[in-house]
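Okay, structure first, notes after.
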Amino acid sequence: MRRKKLYINTIGCQMNVYDSEKIADSMHPLGYRLADSPRKADLIIVNTCAIREKAVQKVFSYLGRVAALKKERPGLIIAVGGCVAQQEGAHIMKRAPCVDLVFGTHAIGCLPFLVDRIEKKRNRLVDIKMEPLIEEFDGVLPPRDKSEVSRFVTIMQGCDNFCTYCVVPYVRGRECSRKPDKIIDEISHLVQNGAREVTLLGQNVNSYGKKEGLPEFTNLLDKVNTINELKRIRFTTSHPKDLSGDLISAFGRLEKLCHHIHLPVQSGSDSILKRMNRNYTHSHYLDKIDKLRKICPDIAITSDIIVGFPGETEKDFKDTVSLIKAVGYDGLFVFKYSDRPNAPAARFSDKVNGVDQDSRLQQILQLQETVTLEKNRMLVEQTTEVLVESFSRKPGKGPEPIMGQWTGRTSTNKIVHMPASGDSEGNRGICKGSLIQVTIKKAFGHSLWGLPAESGTRIVCGPKGESCHAA
Ligand code: 5AD
Ligand code: SF4
């Protein structure tokens, strides 16, 4: 069989990253191997995200660029998958005539078959039907030639929550959970191939298995916690309305569960939360945060915020700012509200103008920047456990040559860089996948810089491009 090259451009969330890995694996039998550039590819797959308007624009501008490649090489196959494919269907082919295949979020399992048909018949295909069950989840294992320390594992797909701004239930379909045995098999396989950390993915992990009558999410966590050689477990995302006492207590019980939770609040205003159909209030949310911190005092908390949701007044915005201040987040993702097709809020009146949206976005970003930095600075001179994820070779700049830099993360999900001076690999007993004690020496806006506690390596120079705020 002729060896062919596949290039995947993944736009969007971790779930898309996971789906892209599955796609790469499923194309092996057709002779496709991953290429590092679209210029070398026989097949380009764009795995898309439709969650916000900006992401959709990104997809079409990328398609504009690859259309030029297709002019040079008419045999090139271009496929669009994921949420934009599901949402736009055949419309994509009209807007981007270079596209040969549009496959929806439930058609990943059919992809080899669809590509094979296009190779043989050179016709253009659209497959966006939605199946109630996701059969391709069974039996597809990720590529064997990967040895990344931290991997994603999707445990459920779709969502039944219907937040009024959100397109996910329409493009990913109804909630559907994988069987625990399949998940455990997949994680064990990843661990045998070098993974030491897994992040369990679902739109709302708290409702894992409920529909199917499977054991609950905390039960799954208990099982994952027993996998030998696996050192860390993360999960995302948990809906605040469903964050159970049982899951909160898991942070105190399971030694491998990392001390970090992403708990999207979206707004701090009770009336906006109601219009968003979120089913919790400002004070319910703060109550969950208190409970989390009682069980796990050093837990890092991050969140998503939407500013400028239809009808959001200055008073509503102030309630959001006050919630952000009350929680003291470790990090925030802030988005300007945008209309999404099918999502009810697109039909809401009293839209907030772009100038107010921009101003609110900036106010929150500035507030959070200070808080994140402050939190990072509090870690200086503390020793903390870091899972080493990667090594990069960088030329030395200081009086002593730096052979390279290790990068890892704390249990609280903060990125830590460490110098590797010494032997030729800059190793000193550290390797990808090791859990080491690191003393934090410097704090930056988006990362920390430290020294392995046992090695006593001297700091030669910090990472480039960020101002230093060492205490
Ligand atoms: N407009 C702006 N932000 C949105 N998000 C989801 N839908 C929209 C929208 N229509 C944000 C939410 C969600 C994150 C993944 O994207 O904050 O948690
Ligand atoms: Fe969208 Fe709400 Fe479901 Fe999250 S919980 S995916 S925001 S509908």
**Request:** Can you tell me how much longer the chain between residue 179 and residue 392 gets when fully stretched, taken as 0.36 nm per residue apart minus their C-alpha distance, in nm with one decimal?
**Result:** 72.9 nm
**Request:** Take every Cα pair under 8 Å in the range 1-70 that's 6+ residues apart, average their separations, divide by the length, and report that relative contact order as a whole percent.
**Result:** 40 percent
**Prompt:** For the range 1-23 and the range 361-385, what is the separation of their Cα centres, given in Å?
**Reply:** 34 Å
**Message:** If I stretch the segment between residue 189 and residue 67 completely, what's the gain in nm (0.36 nm per residue apart, minus their alpha carbon distance), one decimal?
**Reply:** 40.1 nm
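What whole-number value in cubic angstrom gives the convex hull volume per residue for the C-alpha atoms of the range 156-298?
Details: hull volume 15.4 nm³, N = 143.
Measuring per residue, one finds 108 Å³ for the Cα hull of the range 156-298.
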**Asked** Running Debye on the range 232-278 with equal point scatterers at the Cα sites and no solvent, what base-10 log of I(q)/I(0) appears at q = 0.16, 0.31 Å⁻¹?
**Response** -0.53, -1.19
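Would you kindly work out the equivalent ellipsoid of the range 1-68 from its C-alpha gyration tensor and give its semi-axes, the square roots of five times the eigenvalues, largest first in whole Å?
For the range 1-68, the semi-axes come out at 23, 15, 7 Å.
With N set to the number of residues, divide the alpha-carbon radius of gyration of the chain by 2.2 N^0.38 Å and report two decimals. Mind showing how you got there, number by number?
Working: Rg = 23.2 Å, N = 471, 2.2 N^0.38 = 22.8 Å.
Rounded to two decimals, the normalised Rg is 1.02.
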**Message:** Rounded to whole Å, give me the distance from the Cα center of the range 267-298 to that of the range 149-185.
**Reply:** 22 Å
**Asked** For the range 282-370, what ratio Rg/Rh do Cα atoms give with a Kirkwood hydrodynamic radius?
**Response** 1.02
**Message:** Need the full-extension length gain, residue 346 to residue 453, defined as separation in residues times 0.36 nm minus the C-alpha distance. One decimal, nm.
**Reply:** 33.2 nm
**Asked** For residue 274 and residue 2, what does the FRET efficiency come to when R0 = 51 Å and r is the distance between their Cβ atoms, rounded to the nearest 0.05?
**Response** 0.30
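I need 26, 434 ordered by Cβ neighbour count within 10 Å, fewest first.
So the ranking, lowest neighbour count to highest, is 434, 26.
FRET efficiency for residue 367 and residue 113, Cβ-Cβ distance as r, R0 = 45 Å, nearest 0.05?
So the FRET efficiency works out to roughly 0.35.
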**Message:** If the reach is capped at under 12 angstrom between alpha carbons, list the aspartates and glutamates near residue 4, excluding any in the same chain fewer than eight residues apart.
**Reply:** 42, 119
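Step through the table entries 318/351; 211/291; 294/325; 182/256; 5/231; 182/231, compare each Cα-Cα distance with 23 Å, and write down the pairs that go over it.
Details: 318/351 18 Å; 211/291 27 Å; 294/325 19 Å; 182/256 20 Å; 5/231 34 Å; 182/231 20 Å.
Result: 211/291; 5/231 exceed 23 Å.
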**Prompt:** Average projected area of the Cα convex hull of the range 36-122, in nm²?
**Reply:** 5.6 nm²
**Request:** Could you work out the relative contact order of the range 139-268, using alpha carbon pairs under 8 angstrom and six or more residues apart, expressed as a whole percent?
**Result:** 24 percent
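For the range 321-412, what percent of Cα pairs sit more than 16 Å apart? Spell out each step's value before the answer.
Numbers: 3065 of 4186 pairs.
The proportion of pairs with Cα distances above 16 Å equals 73 percent.
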**Request:** Give the order of 390, 150 when sorted by the count of other beta carbons within 10 angstrom, beginning with the fewest.
**Result:** 390, 150
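If the limit is 18 Å between Cα atoms, which of 241/336; 58/336; 54/129 go over it?
Details: 241/336 23 Å; 58/336 16 Å; 54/129 25 Å.
Checking Cα-Cα distances, 241/336; 54/129 exceed 18 Å.
No value in this document is a laboratory result; all are computed from the given coordinates. Owing to the predicted nature of the structure, the values given are computational and were not obtained by experimental measurement. Glycine gets a Cβ as well: all are built from the backbone with ideal geometry, and neighbour counts include every protein chain shown.
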